[in-house]
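Structure first, then comments.
The values are calculated or read from the model by the stated rules, or taken from the named source; none is laboratory data. Just so it is clear, the structure is predicted and the values come from calculations on it, not from any experiment. Note that each Cβ is placed from the backbone with ideal geometry, even for glycine, and that neighbours are counted across all protein chains shown. What goes into the accessible areas is simple: the full protein's heavy atoms, side chains included, and nothing from ligands, DNA or RNA. Shrake-Rupley method; radii C 1.70, N 1.55, O 1.52, S 1.80 Å.
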Amino acid sequence: MGQNILVVNAEGPETRVAVVEQGALAELFVERKHDRGMVGNIYRGKVTRVLPGMQAAFVDLGKGVERAAFLFVGDVLGADDGKKLFEDVDTEDGDEAPEGAAARLARGKKHLAQRKIEDLLRPGNEVLVQVVKDPMGLKGARVTGYLSLPGRYSVYMPAVNQIGVSRRIQSDKERKRLRELVMAARGKQGGFILRTAAEGTSDQEIKDDVEYLMRLWNEIGRREESIKGAGLIYGELDLALRLVRDLVREETTEVHIDDEDQYQRVRKFTETFLPRYAERMKRYEGRRPIFDHFNVEPALRVAVARKVPLRSGGSLVIDQGEALTAIDVNTGSFTGSNNDLEETVTLNNLEACEEVARQLRLRNIGGIIVIDFIDMDKEGNRKKVWDAFQIGLSKDRARCNVTKISELGLVEMTRKRTRESLSQLLTEPCPMCEGAAVVKSTTTVAYEILREVRRSGSSVDADKVEIECAPKVAEILSTREREYLDGLEKKFQKLVVVMAQKSWKPDQYRVAGKLSTDIAAEEAKQAAALGHAAPPSAGGAGASRGGGKRRRRGGRGR
């Protein structure tokens with residue numbers, strides 16, 4: 001399947017769109033009907049707090065948005081900013097990410113760095129803002145006052161009065177043609193950035209796109225006047241329409257959609273705004289699920305795995321942390337075709353370049369990234385690998401900054417983060433290890449229990465010491481370590497009883513009422529949720545639930 005296609009799975013409560021390039025899954029987008037993203041939405045917000053120390057403000061976006069949004073001073077639209085917006089910015093440098101176009105230009109203005117948030121905003125002020133970054137974890141959405149409305153070929157920015165052209169359009173003649181078309185169509189107000197997709201399009205298509213965005217902006221203005229208080233003014237298109245608008249290109253041969261209603265909506269949208277691509281919209285009617293038919297589902301299993309195999313036998317190991325992602329390149333079973341180690345290593349690194357770039361897009365990894373290529377002695381080989389990596393990243397629409405390969409084979413880079421990564425979207429922390437990726441071994445827990453019995457056995461006022469633990473730990477204590485427990489029975493003159501609890505995790509245990517750390521925290525959390533005081537997590541016999549009964553009954557278990 002040597003083609004570029006979009007595969008839309010819309011049968012069910014979530015919509016998934018897969019970008020398949022040359023038969024390989026390159027990107028995945030997911031939108032759940034009950035949890036739609038906010039990027040691109042425009043709100044009338046109400047300032048709730050102004051933080052001079054952070055030069056930022058918190059903005060309430062109205063009903064349906066739980067956490068207040070974050071508005072940085074550089075994103076506050078001032079009265080004269082429309083005139084100054086392009087003073088210190090290269091207007092030739094168009095932004096390919098439509099939701100970040102205006103925000104990017106705002107960050108480029110030097111005069112904004114001299115402003116103070118307390119001079120611009122007060123609690124209670126109402127501001128018109130647009131979401132540029134979805135809420136992540138405990139953080140609210142990031143918003144900007146520099147609004148932008150993305151179209152198929154251009155991005156409209158009401159606050160500015162200039163025209164920029166994507167730097168990927170290299171022909172001076174074409175750049176001049178596009179500028180003149182927009183100048184004639186836009187009227188007197190508002191600025192535009194011409195996107196890469198505009199290259200080679202007809203004059204009428206550009207004019208239609210510009211006029212559509214200006215009509216949309218007028219409609220937003222009317223809606224803002226009709227709504228009182230904080231709330232949503234304009235909602236961005238849903239996932240399927242948004243990706244058809246942004247991702248369908250000349251090299252996109254087909255778009256396959258498995259849901260009839262969604263197919264009709266996409267078909268109508270393309271006939272109206274992208275007529276030359278309308279025939280590429282295909283209704284999938286196969287019996288197998290669409291993602292199975294196009295081999296997307298198996299690729300998704302690898303997309304959240306820690307280890308990614310390479311075709312030649314090597315592999316990548318990807319470890320995502322809070323703020324940094326480490327990617328390790330290994331040769332694995334790849335030995336090369338001759339006895340030249342340097343050539344073998346270089347070939348493995350070259351293959352890894354393409355896969356690393358694809359995994360960054362597919363997993364939507366953002367923030368700081370460190371890639372550990374296999375060490376190469378020759379400077380020429382390091383440059384060859386770095387150049388190959390740049391080619392791999394050229395397909396990435398997210399902004400990347402990459403350093404040269406160091407002598408140790410390390411590449412440090414950053415990648416713009418605008419939404420949750422694929423692992424955050426599709427997975428959650430393991431309930432066994434709570435995201436630590438490791439748990440104590442059964443032997444370690446068994447010996448920890450023995451030390452606890454040794455520590456607290458003499459203080460138990462019953463005639464026996466009870467141990468409750470997971471079955472595998474109980475087996476170790478009852479067989480391999482029974483002799484040691486017999487010695488403790490003689491020492492304390494008390495019976496030591498081991499009881500297996502089938503539902504407990506391997507590192508959970510209770511010794512004479514004293515809980516292991518994690519089960520104590522869990523019971524405290526449950527008690528708090530019920531509005532009760534948390535049970536004690538330490539102490540002698542009967543220090544936990546049922547402990548009182550245990551004392552009154554002379555140490556008998558529950």
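Return the distance in nm (one decimal) between the two label points of a simple spin-label model at Lys33 and Ile391, each offset 7 Å from Cα along Cα→Cβ.
The two pseudo-label positions are separated by 4.5 nm.
Net charge around Lys378, counting only other residues with Cβ within less than 12 Å of its Cβ (Lys, Arg = +1; Asp, Glu = -1)?
Local net charge: -4.
Taking the highest mean first, how do the peptides 262-268, 241-247 order by number of other beta carbon atoms within 10 angstrom per residue? Mind showing how you got there, number by number?
Working: 262-268: 18.3, 241-247: 20.1.
Taking the mean over residues of other Cβ atoms within 10 Å, the ranking is 241-247, 262-268.
Reachable aspartates and glutamates from Lys383, Cα under 20 Å, same-chain residues fewer than 8 places away excluded?
By straight Cα distance, Lys383 reaches Asp328, Asp340, Glu342, Glu343, Glu351, Glu354, Glu355, Asp372, Asp375, Glu407, Glu412.
Order of 199-209, 343-353, 397-407, 427-437 by packing, highest average Cβ count within 10 Å first?
Per-residue Cβ counts within 10 Å, averaged per peptide and sorted highest first, yield 343-353, 199-209, 397-407, 427-437.
Over 27 Å between Cα atoms: which of Lys33/Lys268; Lys176/Lys384; Lys472/Lys514 fall into that group?
As for pairs spanning more than 27 Å Cα to Cα, those are Lys176/Lys384.
Based on Cβ point charges of +1 for Lys and Arg and -1 for Asp and Glu, what charge dipole magnitude is obtained for the range 320-415 about its Cα centre, in debye rounded to the nearest 20?
In total the dipole reaches around 660 debye.
Ranked from highest to lowest mean number of other Cβ atoms within 10 Å per residue, what is the order of the peptides 169-179, 146-156?
Averaged packing, sorted descending, gives the order 146-156, 169-179.
What's the FRET efficiency of Ala326 with Gln424 using the Cβ-Cβ distance as r and R₀ = 30 Å, to the nearest 0.05?
0.95
For Val370 paired with Ala278, estimate the spin-label separation in nm (one decimal), with each label point 7 Å from Cα along the Cα-to-Cβ line.
Spacing of the two 7 Å Cα→Cβ label points: 5.5 nm.
Quick one: which of Lys133/Lys416; Lys63/Lys139; Lys464/Lys491; Lys440/Lys502 span more than 19 angstrom between C-alpha atoms? Write down the numbers at each step before the final one.
On the way: Lys133/Lys416 10 Å; Lys63/Lys139 17 Å; Lys464/Lys491 12 Å; Lys440/Lys502 17 Å.
Listed pairs above 19 Å: none.
On full extension of the chain, what length is gained from Tyr484 through Glu260, given 0.36 nm per residue of separation minus the C-alpha to C-alpha distance? Could you put the intermediate results ahead of the total?
Values: separation 224, 0.36 × 224 = 80.64 nm, distance 6.93 nm.
Extra length available between Tyr484 and Glu260 comes to 73.7 nm.
Nearest 0.05, what FRET efficiency do Arg454 and Lys228 give at R0 = 51 Å with Cβ-Cβ as r?
Using R0 = 51 Å, I get an efficiency of 0.15.
Give the accessible surface of the range 194-319 per residue, rounded to a whole number of Å², with probe radius 1.4 Å and ligands, DNA and RNA excluded. The partial results should precede the final answer.
On the way: 6570 Å² over 126 residues.
About 52 Å² of surface per residue is accessible.
Label-point separation (nm) for Lys307 and Glu342, each offset 7 Å from Cα along Cα-to-Cβ?
My value for the distance between the label points is 3.1 nm.
Which lysines have a Cα lying under 17 Å from the Cα of Lys378, excluding residues fewer than 8 positions away in the same chain?
Lys404
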